[in-house]
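Enquirer: One structure coming up, written as structure tokens, with questions to follow.
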Amino acid sequence: MSPIRPLIAGNWKMHGLESALDEARLLAATVEARSPSARVAIFPPATLLSRLAHALEGLPIEIGGQDCRPEPSGAFTGDVSPEMLVDAGASLVILGHSERRAYHHESDVLVAAKVAGALRAGLEPVVCVGESLEERRAGLAVATVERQVRACLADVSGGQGVVVAYEPVWAIGSGLTPSVSEIEAVHGAIRGALQTVLGAAGGAVPILYGGSVKGANAAEILSAEHVDGALVGGASLKASDFIAIIQAA
Ligand code: 13P
């Protein structure tokens, strides 16, 4: 059993209008009643951040942004800074998600700059890594995530307040997941890379698994070695689905 407290994180992606606040309130009430062993966090779209922070005030759910720029402010139309996320009530931020890498051409160098900006503002970055299907088929899954971890955390000193999420690109939204032994192999390699970059502090960084996690497979995935929680997309949108995953941690 890992000494790291599990983190179950729900990435709402570009889903959620005002009515989603009711679902979040339902989730928060259930989490409070059941006091699960895991930390629970929700990452709503930026438009809902401050309303969600307000709606969940005092309840045991953390809130995060889905992306930010590295700079604290500036002429960057349409973007959000780490300090703005904090101002809106966030304590975490997802960085380097594969959808940002694919649709906004984000590089590891940019993700590393965003990580530095998040830490400057006092946010806990959840740094996403993961191989494509082509990379997995070519036997390059481990090498790919090791390279991403080293590059994205190159400027971090000490591992406090950093989370890594392993999300194989081919498992996101597809209903496919790697086998437990495949997850353990990659998570073990990430742990090694973290210790190379951060020294002993790398042993305390939570490593989440993400990609088609649902109630039916959560217990098996969360009990795998070096898995310290889950980053959940589709199954985080409904409180009853998400609770099933939280309860499995
Ligand atoms: P799904 O859980 O919908 O596969 O999404 C995973 C994900 O991308 C979370 O960041």
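Every number here is computed from the coordinates shown, using simple stated rules; none is lab data. The shown structure was predicted, so the numbers you read here are calculated from the model rather than taken from an experiment. Here the Cβ positions follow ideal geometry from the backbone for every residue, glycine too, while neighbour counts run over all protein chains shown.
Enquirer: Per the helix-only calculation at 222 nm, which mean residue ellipticity applies to the chain, given -39500 (n - 2.57) for every DSSP H run of n ≥ 4 and division by its residues, nearest 500 deg cm²/dmol?
Expert: Values: 10 runs with 103 residues, N = 249.
Counting only the DSSP helices, I get -12500 deg cm²/dmol.
Enquirer: Translational diffusion coefficient of the chain at 10 °C, 1.306 mPa s, Stokes-Einstein with Kirkwood Rh over Cα pairs, in µm²/s as a whole number. Each step should come with its number before you reach the end.
Expert: Details: Rh = 17.8 Å.
This corresponds to a translational diffusion coefficient of 89 µm²/s.
Enquirer: Sticking with this one: In whole Å, what is the distance between the alpha-carbon centres of the stretch 123-182 and the stretch 1-49?
Expert: 22
Enquirer: Farthest toward the dipole's positive end in the stretch 146-235, which of Asn217, Gly175, Val149, given Cβ charges of +1 (Lys, Arg) and -1 (Asp, Glu) about the Cα centre?
Expert: Val149
Enquirer: Would you kindly state the longest site-free stretch of the chain, with sites defined as GluC sites (Glu not before Pro) in a DSSP loop (not H, G, I, E, B) surrounded by at most 15 other Cβ atoms within 10 Å? Before the final figure, lay out the partial values.
Expert: Values: sites that count: Glu18, Glu57, Glu225.
The segment 58-224 is the longest one with no such site.
Enquirer: If you build a Gaussian network model of the chain, linking Cα atoms that sit under 10 Å apart, which residue out of Gly234, Gly130, Gly16 swings the most?
Expert: Sorting by GNM fluctuation, first place goes to Gly16.
Enquirer: So what's the net charge close to Cys68: Lys and Arg +1, Asp and Glu -1, counting the other residues with Cβ under 13 Å from its Cβ? Mind dumping the intermediate values first?
Expert: Values: positive: Arg69, Arg100, Lys114, Arg120; negative: Asp67, Glu71, Asp79, Glu83, Asp87, Glu106, Glu124.
Net charge in that neighbourhood comes out at -3.
Enquirer: Here's a follow-up. Taking the Cβ of Ser98 as the centre, find all other residues whose Cβ is under 15 Å away and add up their charges (Lys, Arg: +1; Asp, Glu: -1).
Expert: Numbers: positive: Lys13, Arg100, Arg101, Lys114, Arg136, Arg147; negative: Asp67, Glu99, Glu106, Asp108, Glu131, Glu134, Glu135, Glu167.
My count for the surroundings of Ser98 gives -2.
Enquirer: Relative contact order for the chain: what is it in percent, counting Cα pairs under 8 Å that are at least 6 residues apart?
Expert: 21
Enquirer: Oh, and also: Taking the stretch 123-184, how much of its Cα-Cα pair set, in percent, is spaced more than 13 angstrom apart? If you can, show how the numbers build up before the last one.
Expert: Values: 1245 of 1891 pairs.
Here the long-distance tail beyond 13 Å is 66 percent of all Cα pairs in the stretch 123-184.
Enquirer: Can you tally the net charge around Gly117? Count Lys and Arg as +1, Asp and Glu as -1, for every other residue whose Cβ sits under 10 Å from the Cβ of Gly117. Numbers along the way, then the final one.
Expert: On the way: positive: Arg69, Lys114, Arg120; negative: Glu71, Glu83.
That works out to +1.
Enquirer: A further question follows. Only Cα pairs within less than 10 Å get springs; with that Gaussian network setup on the chain, which residue of Ser98, Ser179, Ser19 has the largest fluctuation?
Expert: Ser19
Enquirer: Moving to a separate point now. What residue among Ala141, Ala200, Ala171 has the largest mean-square fluctuation in a Gaussian network model of the chain, using Cα springs under 10 Å?
Expert: Maximum fluctuation in the GNM of the chain, among the listed residues, is at Ala200.
Enquirer: Which whole number in µm²/s is D for the stretch 92-148 by Stokes-Einstein, with the Kirkwood Rh taken over Cα pairs at 20 °C and 1.002 mPa s? Show your work: numbers first, answer last.
Expert: Working: Rh = 12.0 Å.
Here the translational diffusion coefficient equals 179 µm²/s.
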